[in-house]
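Have a look at the structure below, then the notes.
The values are calculated or read from the model by the stated rules, or taken from the named source; none is laboratory data. What you see is a predicted model; the values in this text were computed from it and never measured. Note that each Cβ is placed from the backbone with ideal geometry, even for glycine, and that neighbours are counted across all protein chains shown.
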Amino acid sequence: MATVLRSKIEPVMTQTHAEVTRDIVRTLETPPRSYYLAVFGAVFLLLIGIVTFTIIIKDGLGHSGYNPPVMWSVYITTFVFWVGIGHAGTLISAILFLFRSPWRTAVYRVTEAMTVFAVMTAGLFPIIHIGRQWIFYWLLPYPNQRYLWPNFKSPLLWDVFAISTYLTVSTTFLIFGLIPDVAAVRDKVTGWRRFIYGQLSMGWQGTDNQWRHYSRAYLYLAALATPLVLSVHSVVSWDFASSIIPGWHGTIFAPYFVAGAIYSGVGMVFTLLIPLRKHLRLEHMITDYHFDNLSKLTLLTGSILFYSYSMEYFVSWYSGNTFEQTTFFLRPFGAQWWSGWTMITCNALVSQLLWFRKIRTNLTSLFVISIFINIGMWFERWVIIVSSLSNDYVPWAWGVLNPTWSDWGILAGSFGWFGMWFLLFARSFPIVAIQEVKEMIPMPRLHPDAHGGH
Amino acid sequence: MKMSRGLLAEFASADALVAGVVALESHGYSQLETYTPFPVPGLERRLRLGHSRLPLLVFAGGVIGAILGYGIQWYADVRAYLLNSGGRPAHAVPAFIPATFEATILGAALTGFVALLIALRLPALWHPVFEVEGFESASVDRYWLAVGADDRLFDHNGTRAALDALGPLRVVPIPEMVA
Amino acid sequence: MIRANRWRPVRVWLAIGAAGLVLSVIGFVTDPHQAYASWLAAFAAGVSIALGALILVAVTHLTGARWFDPLRRIALDIAGTLPLFALLFLLLLPGVGRLYPWAHAPNAVNAAYLNPAFFVIRAVVYFAIWIAVGLTLRRWALARSTGAELPPSQRERALAAVALPALGLTLTFAAFDWLMSLTPAWSSTIFGVYWFAGGFLAALALVALAGALGPMPLDEDRGYALGALLLTFVVFWAYIAYCQYLIIWIGDVPAEVAWYVPRVRGSWGALALVLLFGQFLLPLLALLPHAAKVSSRMLAPVAAWLLVMHYLDCYWLVLPALHPDAVHAHWLDLGALAAVAGTAGAWATWLHAT
């Protein structure tokens, strides 16, 4: 056993293998009315987004609140927000797998699905944000009759590569982890559902040769996903940092954004998991133990954010650079002071509550904190993007941005799009990794003392 | 009864399965296959499976991805379309690293996934063992051991007796492919 | 029972350290600019390793890494050299005026922070925190252990949790004070993380090296865990170095590139390439195969190599401030390195033997 994250609250593994399969396959049965209501709500939000987007395509981006000097606002903020959400999923499914942390097992499928859908959502935003959405494919490097090639010195183009790679690899990872579990579902259901799950399981048999290659490949995918997750949010951060806008041009941006991404993602995991485990009756599988550990992860990343904020403020003063100093002064004390304080309070300060075990294991407090995290992290990106652009080098050109109905419509639509996919997934695929949970259950032994050391 | 493709024995525990594999291998059987709900530690070595070529393939995929990724950027920005971007050099090595890195990961991950499917012989939408009544338990909490009819030592009655001696829940023939 | 051969390594280290000290003291008198710069490079490399070891102990306390239990004593002994580094830092103080331009610029924009008095006060605070945490963790660990194999107690875990933020902040500001302020007009928010990444990597390497050469060679699990961590932090160091370089290179603002210009040109540029290959690409390739991670015989040379690279990294951070035109290798570099490594080695082996 390598690094094992331990906790006082150990998981209770009293279930048998058959019970694990039964309880998880049960989540795929005909859902209650509340589920349909939730899906309907998500689709409704999505429709708002679709209508808004249609109007934007028809009329152009003038509807959005863009106003010089602020030409990046809610769409880019929300783009970074959703990419960030995805990162916690990869962290939990890949990095904690490499560290062999036992508590990831019960929650990683939820977070991995969250990753894929969050990145699917994020990927729409650069397309929404560009003026002529129908030629977004000009971003791709391919020989064309225009004799034009994209500029690889621009971080916006690195984004194209980073986001598309991230979506591909995390989808592969999700599908890959699902194969044996879908096979387990296949063996439990009947009729047309058996046929569908049978096709989706690709005919998995669970032979020793399959398991051997599977475990190996899983390890490699995890090892590849780990640097990938670092690189993706780093590239996103460089969208800002590689310019020389005061407030954007910070060398710490890449690790700072990665930590923030994981912080926001774990926040979203709480928001999704706390209601979901009740709805799917999985309270005995996803326990205080998991929430306690997720909270510690939140505390760690929240503290790194605290550190990064402190570095930004200190170095802006230390550097003696007037423009940096002005930008960082205006964040908490300028026209949009409320957004600056929302960012500092919800991220740097609220996360510090998690030092207390009482709070870490109280689901109500965690849920409330998770809402603060979601709001705080959206505002962090908002503050970084909008406040920095508002106060550029020339005070004459300063300006404030006010979001419009089209900004909010697209934001609502993004939650609808994400929510719809996530809800559909949660009821169609095993949301807890059946095979890995079984691996953690001590096996019934033929010889009670034949306990192999591993 | 038609010719079978071999015999399947169902065990209640992983230890019984491992013990069965050890016993049959000591008899000289070589065409053994196990079906388990999760990887059972120790089986890999017992079944004398060879080394995996996966790591080399993944590494090669990454290298190819890196070369292609860097190559496209170099071709686009140095050869095909020179663009003065704030006076930075056309061959801007630091700026080419992020996309090269993403291409490396993409190449390695996709190679790994495809190589894995080939190694696992998936998708295989039908397999003889699926015809066996009750084989569904192999993905729940039962451990199955198959002896292939192509084994040198395979003899329907003799092998059946050898399997019975291992204390399985039951022994069943694997049906021949239905025409 | 004290046997003679237990003390032999202490004496060998002490001899190296004494020779280095003599050379350095001669240097402080005859060629103070060079001597203090050489001293700072060796000191920065050494103290970052001791701090890295302390952070490694605290982190493994919190994550409950059982594989680390047999190695914890080594890491605690390395962290136990922090009082020595406080002494070595005293030798640096007479050189502050020669090393740091801000010592003579009372009207600079950040003079409220960068001035000799506050510089010393801060260093006292840093060392007080480091020594208190390091010695307490070590004392508590030794108090409970008959062997070192026991997992940490509740109070150790609590102290580790509380200490980590303090260690992170003090390490950062120490990096700003001692290294970044060599160029007072230059600043980089990631600089503290950069120094941490290098020091933590070197601390891991030193633990791996001491573990591999120790009486109980690394078993497969411990070797793999160490090898994987080394690989991770080789990549992490390169990532942080690239983050800083990319942002400053692509922004191309004169005040920011001023720090890089001497460091990436001419022979300093060659040294930067040595670091790129030696502290990133070569160890990355060496540590990738599974076989390299699980065998002590493979890990030990890689770890030793990484220690050399960490010293060169700190050399590359410090010495261009004195010789911006080109690398001027000097016998005082070796003297300072021998003094720091020798005394720290003696201190750590002495702690290990008692």
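Selection over region B:139-167 of residues that are out of contact with any helix residue (DSSP H, G or I) (no Cβ under 8 Å at 6 or more places or on another chain) and under 30 Å from A:Ile24 (Cα atoms) gives a count of 1. Here B:Ser30 clears all of (1) under 30 Å from C:Ala291 (Cβ atoms); (2) of a type in the set (S, T, N, Q); (3) facing another protein chain (nearest Cβ under 7 Å) except the condition numbered (3). Taking the criterion of being crowded, with 20+ Cβ neighbours inside 10 Å and within 21 Å of the chain's Cα centre (by Cα), the residues of region C:201-224 that qualify are C:Leu201, C:Ala202, C:Ala203, C:Leu204, C:Ala205, C:Leu206, C:Val207, C:Ala208, C:Leu209, C:Ala210, C:Gly211, C:Ala212. Evaluated against (1) at the interface with chain B (Cβ under 7 Å from one of its Cβ atoms); (2) over 23 Å from A:Ser93 (Cβ atoms); (3) in a loop (DSSP other than H, G, I, E, B), A:Pro143 falls short on exactly one condition, (1).
The residues of region C:276-322 that are in a loop (DSSP other than H, G, I, E, B) and surrounded by 17 or more Cβ atoms within 10 Å (Cβ to Cβ), listed by number, are C:Ser295, C:Leu322.
Screening the candidates A:Val189, A:Val182 for the property of being more than 7 Å from chain B (Cβ to nearest Cβ) and within 24 Å of B:Leu110 (Cβ to Cβ) yields one hit, A:Val182.
Among the residues of region A:154-161, is any within 14 Å of another protein chain (Cβ to nearest Cβ) and of a type in the set (Gly, Ala, Ser)? Can you show your working first?
Taking region A:154-161 first, the residues within 14 Å of another protein chain (Cβ to nearest Cβ) are A:154-161.
Then drop every residue that is not of a type in the set (Gly, Ala, Ser), which leaves A:154.
Yes, that holds for at least one residue.
When each of A:Thr30, A:Thr21, A:Thr78, A:Thr52 is tested for being closer than 30 Å to A:Val258 by Cα, of a type in the set (S, T, N, Q) and at pLDDT 80 or above, the lone residue that passes is A:Thr78. When A:Phe291 is tested against (1) without any contact (Cβ under 8 Å) to a residue 24 or more places away in the chain; (2) in contact with a Lys or Arg (Cβ under 9 Å, 6 or more places away or on another chain), exactly one condition is not met: (1).
Filtering region A:308-322 to residues that are more than 17 Å from C:Ala111 (Cα to Cα) and surrounded by 22 or more Cβ atoms within 10 Å (Cβ to Cβ) leaves A:Ser308, A:Met311.
Restricting attention to region A:288-301, does a residue exist that is in a helix (DSSP H, G or I) and more than 22 Å from the chain's Cα centre (by Cα)? Working first, answer last.
Of all residues in region A:288-301, those in a helix (DSSP H, G or I) come to A:288-301.
Those still in the list that are more than 22 Å from the chain's Cα centre (by Cα) too: none.
Within region A:288-301, not a single residue is in a helix (DSSP H, G or I) and more than 22 Å from the chain's Cα centre (by Cα).
Of the residues making up region C:154-176, those that are more than 11 Å from chain A (Cβ to nearest Cβ) and surrounded by fewer than 19 Cβ atoms within 10 Å (Cβ to Cβ) are C:Arg155, C:Ala166.
Kindly indicate which of C:Ala19, C:Ala50 is among the small types (Gly, Ala, Ser) and surrounded by fewer than 21 Cβ atoms within 10 Å (Cβ to Cβ).
Details: C:Ala50 fails: surrounded by fewer than 21 Cβ atoms within 10 Å (Cβ to Cβ).
After ruling out the rest, the residue left standing is C:Ala19.
I'm checking my understanding of the structure. Among residues of region C:98-121 that are part of a helix (DSSP H, G or I) and under 14 Å from C:Trp39 (Cβ atoms), which one is farthest from the other protein chains (Cβ to nearest Cβ)?
Within region C:98-121, the match that is farthest from the other protein chains (Cβ to nearest Cβ) is C:Arg98.
Would you confirm whether or not region A:299-316 contains a residue that is more than 14 Å from chain C (Cβ to nearest Cβ) and touching a helix residue (DSSP H, G or I) at 6+ places or on another chain (Cβ under 9 Å)?
Step one: of region A:299-316, the residues more than 14 Å from chain C (Cβ to nearest Cβ) are none.
The answer is no, given that none of the residues of region A:299-316 is more than 14 Å from chain C (Cβ to nearest Cβ) and touching a helix residue (DSSP H, G or I) at 6+ places or on another chain (Cβ under 9 Å).
Checking every residue in region B:9-27 against the condition of being within 22 Å of the chain's Cα centre (by Cα), polar (S, T, N, Q) and modelled with pLDDT under 85 gives zero matches. Against the test of being at pLDDT 80 or above and not assigned by TED's automatic domain parsing to the domain that holds B:Gly61, the options B:Ala76, B:Ala90, B:Ala146, B:Ala80 yield a single qualifying residue, B:Ala146.
Output yes when any residue across region C:141-150 is charged (D, E, K, R) and over 20 Å from C:Ala65 (Cβ atoms), and no when none is.
No, there is no match, as no residue in region C:141-150 is charged (D, E, K, R) and over 20 Å from C:Ala65 (Cβ atoms).
Quick check on my filter: what residues within region A:199-213 are part of a helix (DSSP H, G or I) and more than 7 Å from every other protein chain (Cβ to nearest Cβ)? Walk me through it before giving the result.
In the first step, residues of region A:199-213 are kept if they are part of a helix (DSSP H, G or I); the result is A:199-200, A:208-213.
Answer for region A:199-213, where residues must be part of a helix (DSSP H, G or I) and more than 7 Å from every other protein chain (Cβ to nearest Cβ): just A:Leu200.
Within region A:414-435, the set of residues being of a type outside the set (A, V, I, L, M, F, W, C) and either under 17 Å from the mean Cα position of the chain (by Cα) or within 14 Å of A:Ile76 (Cβ to Cβ) (or both) comprises A:Ser414, A:Gly416, A:Gly419. Name the single residue that is nearest to the chain's Cα centre (by Cα) among those in region A:223-264 being at the interface with chain C (Cβ under 8 Å from one of its Cβ atoms) and in a loop (DSSP other than H, G, I, E, B). So, considering only residues that are at the interface with chain C (Cβ under 8 Å from one of its Cβ atoms) and in a loop (DSSP other than H, G, I, E, B), the one nearest to the chain's Cα centre (by Cα) is A:Ile252. Scanning region C:75-107 for residues that are surrounded by fewer than 21 Cβ atoms within 10 Å (Cβ to Cβ) and β-branched (Val, Ile, Thr) yields one hit, C:Val96. Considering region A:203-221, and only residues there that are under 28 Å from the mean Cα position of the chain (by Cα) and more than 16 Å from A:Ile434 (Cβ to Cβ), the residue that is surrounded by the most Cβ atoms within 10 Å (Cβ to Cβ) turns out to be A:Leu221. Which of (1) more than 14 Å from every other protein chain (Cβ to nearest Cβ); (2) in contact (Cβ under 8 Å) with a residue 40 or more places away in the chain is the odd one out, the single condition C:Leu282 does not satisfy? Result: C:Leu282 passes all but (2).
On the basis of being within 14 Å of chain A (Cβ to nearest Cβ) and within 30 Å of C:Ala208 (Cβ to Cβ), does C:Ala86 make the cut? If you could, list the steps in order and put the result at the bottom.
On the way: within 14 Å of chain A (Cβ to nearest Cβ): no; within 30 Å of C:Ala208 (Cβ to Cβ): yes.
Spelling it out, it is not the case that C:Ala86 is within 14 Å of chain A (Cβ to nearest Cβ) and within 30 Å of C:Ala208 (Cβ to Cβ).
When C:Ser188 is tested against the conditions (1) within 14 Å of another protein chain (Cβ to nearest Cβ); (2) assigned to a helix (DSSP H, G or I); (3) among the small types (Gly, Ala, Ser), the lone failure is (2). Working only within region C:324-340, note down all residues that are of a type in the set (A, V, I, L, M) and under 15 Å from C:Val22 (Cβ atoms). Answer for region C:324-340, where residues must be of a type in the set (A, V, I, L, M) and under 15 Å from C:Val22 (Cβ atoms): C:Leu332, C:Leu334, C:Ala336, C:Leu337, C:Ala338, C:Ala339, C:Val340.
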